[in-house]
1. Of the residues Y324, Y283, Y314, only one is among the aromatic types (F, W, Y), part of a helix (DSSP H, G or I) and farther than 20 Å from T210 by Cβ; which?
2. Can you confirm whether the stretch 75-86 contains a residue that is within 18 Å of the chain's Cα centre (by Cα), of a type in the set (D, E, K, R) and assigned to a loop (DSSP other than H, G, I, E, B)?
3. Any residue in the stretch 141-152 that is in contact with a strand residue (DSSP E or B) (Cβ under 9 Å, 6 or more places away or on another chain), buried (at least 17 other Cβ atoms within 10 Å of the Cβ) and within 27 Å of L278 (Cβ to Cβ)?
4. Among the residues of the stretch 105-133, what is the count of those that are more than 20 Å from the chain's Cα centre (by Cα) and of a type in the set (D, E)?
5. Could you give every pair whose Cβ atoms fall below 9 Å, whose first residue belongs to the stretch 273-293 and is buried (at least 19 other Cβ atoms within 10 Å of the Cβ), and whose second residue is basic (K, R), counting only separations of at least 6 or pairs across chains?
6. Could you pull out the residue among S143, S204, S129 that is assigned to a strand (DSSP E or B), of a type outside the set (K, R) and modelled with pLDDT under 90?
7. Which of the residues spanning the stretch 50-65 are closer than 14 Å to Y77 by Cα and under 18 Å from the mean Cα position of the chain (by Cα)?
8. Answer with yes or no whether I149 is farther than 25 Å from Q44 by Cα, free of Cβ contacts under 8 Å to residues at least 40 places away in the same chain and touching a Cys at 6+ places or on another chain (Cβ under 6 Å).
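The values are calculated or read from the model by the stated rules, or taken from the named source; none is laboratory data. All values reported here derive from a predicted model rather than from experimental measurement. Here Cβ is always computed from backbone atoms with ideal geometry, including for glycine, and neighbour counts include all displayed protein chains.
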Amino acid sequence: MKKKRLVLAILLMFTLAFTAFAQGGFAGEMISEDVDGSAFSAGQNAGSSADVNGILFAAGYNVTAGGSGEHALLAGYSVNLSGDYEKDVFAAGNSVNISGNVGRDVFASGNAVTITGNCAGNAYIAANSVVIDGKIGKNLYLSAEEITISNTADISGQLHYNADAKINAPAFVLSDALVTDPTYTQDTDETEKDNGITADGILSDLKGATFGFIGLLLVAYILLWLTPVWNKVDAKYTSAPFSKYAKAFGIGLAVLICVPLASVILMITGVGLRTALLVLFLYAAAITASPVIFGFIIGSLILRRAFRLKPCYYFELALGLAIYKIISLIPVLSLICGIIAVPLGVGAFVLFLEKEKACKITETTAAKDAAATDENAAEQQ
């Protein structure tokens with residue numbers, strides 16, 4: 001299992017959560033009352049001790065997920081899940097501890113990840129150190145430096161782990177384990193290990209790129225179904241001169257540099273901790289969506305300008321994102337593409353929000369002017 005795939009899955013779900021929690025509740029700190037819908041919690045101590053009938057999204061320094069819910073999406077310095085969640089759980093933090101019950105899969109990433117609870121599905125974990133002392137209903141996928149599996153752990157499926165990990169596990173677990181790094185073998189000398197390219201390694205990269213493509217495409221299609229964002233991007237960029245792309249790139253680059261610095265200052269000074277955390281997660285969502293915007297621009301330019309086809313957002317998104325992921329398999333081109341795609345996408349996202357705000361202000365002003373005109377007309381009569 002690749003760390004990129006895990007991170008992509010977590011960030012994808014963060015993006016979905018921003019759409020979902022708009023229909024539920026928002027709390028600055030812990031959620032203590034039941035929520036009929038999805039819920040968002042952010043602050044020094046964030047999370048929920050109640051029943052959430054939807055997605056729980058919590059971000060903060062200390063994050064606790066008690067109570068119950070469907071999906072849980074948790075990010076913080078210390079993350080603890082002790083409740084019962086019917087579907088998938090996504091957790092990222094310095095320390096992640098899952099002691100509750102998860103009805104489907106667990107995706108966890110951090111410095112130290114511990115599972116002492118029950119996971120009915122697969123568990124995907126990327127961390128420096130991993131401790132498993134609970135029940136895994138299906139397969140366990142690990143990418144870590146140190147792995148500890150207790151004698152009381154119950155893994156119903158197969159253990160997959162990277163070969164260069166230091167692992168301490170019962171013999172009966174290791175006997176059925178599968179090493180997931182095909183380019184590493186103990187019998188291979190250092191030169192071959194560093195420079196060798198195997199067919200399995202290529203297939204593994206293609207598999208990772210495929211999952212990445214699917215994840216980005218899901219984000220794109222969800223945005224297409226729920227928001228008018230592609231109409232706005234289409235109108236602004238698909239037939240735009242180079243200056244508009246340069247403007248979006250410059251704004252995106254400034255946002256990428258300034259937002260983390262400003263957020264850190266706010267958190268250190270204690271002036272706006274909640275605001276800083278929310279801005280950082282919007283920042284993460286914008287970075288996640290940036291390749292999607294870049295892919296849409298590339299796909300639409302190719303199909304409309306090169307092939308003179310009529311606009312079709314579904315095909316344009318699929319083509320553009322496929323090209324983006326293929327380029328990402330080539331090391332040097334991947335770096336260049338990322339340097340262009342992320343600032344361009346973030347800048348376009350910021351300009352879109354700015355335009356939406358300007359439109360709302362204009363509409364409000366127009367409504368006030370119309371009301372004033374009607375009042376004057378009534379007075380004259």
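1. Y283
2. Scanning the stretch 75-86 turns up no residue that is within 18 Å of the chain's Cα centre (by Cα), of a type in the set (D, E, K, R) and assigned to a loop (DSSP other than H, G, I, E, B).
3. No - not one qualifying residue is present in the stretch 141-152.
4. 1
5. P291/K325
6. The conditions single out S143.
7. Matches in the stretch 50-65: A58, A59, G60, V63.
8. no
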